[in-house]
1. What is the calculated FRET efficiency for F225 to K300, with r their C-beta to C-beta distance and R₀ = 30 Å, to the nearest 0.05?
2. How much length would be gained if the chain were fully extended between F32 and R339, taking 0.36 nm per residue of separation minus their Cα-Cα distance, in nm to one decimal?
3. Put a dot 7 Å past each Cα toward the Cβ at F51 and I75; how far apart are the dots in nm?
4. List, largest first, the extents of the alpha carbons of region 44-324 along their principal axes, each in whole Å.
5. Provide the net charge surrounding T125, with neighbours chosen by a C-beta distance below 15 Å and charges set as Lys +1, Arg +1, Asp -1, Glu -1.
6. With the crude spin-label approximation of a point 7 Å out along Cα→Cβ, what separation in nm comes out for F128 versus W293?
7. Exposure proxy check: Y61, Y122 ranked by fewest other beta carbons within 10 Å?
8. Please report the Cα spread of region 73-178 along all three principal axes, rounded to whole Å, starting with the longest.
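FYI, it's all coordinate maths here, none of it is from the lab. Just so we're clear, the structure is a prediction, and the values are computed from it rather than from any experiment. Here the Cβ is made from the backbone with ideal geometry for all residues, glycine too, and neighbour counts use every protein chain on show.
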Amino acid sequence: MDLTSFIPLPLLSVLALPAVSSYSTSLNLLFFYMTWSTLLWSHGPLRVELFSTLAARVLFYVLPSIVLLLFDLSIPSLALAIKAHGKHALPARLGGARLARITFLSLLNVLLSVGAQLGIEYLLTQVFRMRSALRITASLPLPWGIATSILQALLIRGTLQYIIHRFLLHGKPSTYLPSIVRSSTPAALHTSYAHHKSLRAPFAILAHYDHPVPYLLHIFLPTYFSAVAIRMHVLTWTLYLALLSLEELLSHSGYEVSVLPSSILVAGMARRRDAHFLSGGKGNYAPWGMLDWVLGTSVKKEDLPKGVEEADDVGEDLVREGKKRRKSVKENGRKAIGRAKKMVEEEPVEEEENEDDDADTGAHDESDNDEDNDDEEDEAEEESEPEPEPEPEPEPVEEKKRTTRSQGRRNPPRKKS
Ligand SMILES: [Zn+2]
């Protein structure tokens, strides 16, 4: 491959583009083109594909997932604060040996997928003397081409992943098969590895944790085939794989939706992924959720574990933890008002009547219900007291609570005779 044969093309583009792009951008592009051509010329297409694939996986999945795992292990109190499912999402609960096995298998699967990709390329180019599955040329893909290629590949990957995950990995096994065969089908392996009872709250390492057979079918095949189907340029492939790695990392991180970078895309994917694991694989088969929504396989509320009777201990706790964390501000406010009411009801009658001197400092921000409640209390006082004094002004609950506490400290409540 002669390097000089590629020079005129970028030079032409530099001459043709100054109207739309700056001189420095063209120069950078030219520099990038020359570096890329040199790399391809000196290392050969197969090695370039291997390095770029490994770089995308290591930089955007392997290293960040290990960093997140170390963060979860070393500062559990901080991790607990941002985990969507509380303590059940902390990897430390699995124990050192189990965690090491999970991490090892997850990283082995990543290497396996890179190896499988290189194996296919080697067979095609070196054994069968065909063209490579991905486009590995010196010419650079244009921005519009990169965007359309990634969009097409995402659609193909989503469809393939949905079909394989739903029908092959979560399909009902045939009853005609002998039990020994049934227990070693991809579906049985996927259930016993990725859907193990102890792994219902995901963390980043679990994105690539599965038995190698279902992993290659479910993760590697849709990802690689979606790029091969449109014969993606190897540089676009590197970018595509980096984006997918980030998607897998964040959607399996197990962190609160508010912590994740995009509240629409990544957080939605993370919630759907959580629901897939929590329901034991009863829906949400594709990461983007469109096919699940169209074909009615989104995980429904009733598919999630509900109570003690229906859930195993982990699932039940997860749901309870999730519910606890999703309490709205409104509900919390209502509870606070309820507690305040309760304190007012417990207030001894005599003390209520002696509060007038403090009443003028209160903030009047309570609802009508509370005022009604105060009126009821006043009526009760009228009935119990032989000589009723003039009714005090309805007081805000907040003020009463404060007075009750301060008076409680000064004078312990006296019992009425
Ligand atoms: Zn599954």
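1. The calculated FRET efficiency here is 0.45.
2. Taking 0.36 nm per residue and subtracting the Cα distance, the gain is 103.9 nm.
3. 3.6
4. Cα spread of region 44-324 along its principal axes, largest to smallest: 60, 50, 39 Å.
5. For residues surrounding T125, the net value is +3.
6. 3.8
7. Y122, Y61
8. The Cα atoms of region 73-178 stretch 53, 49, 27 Å along their principal axes.
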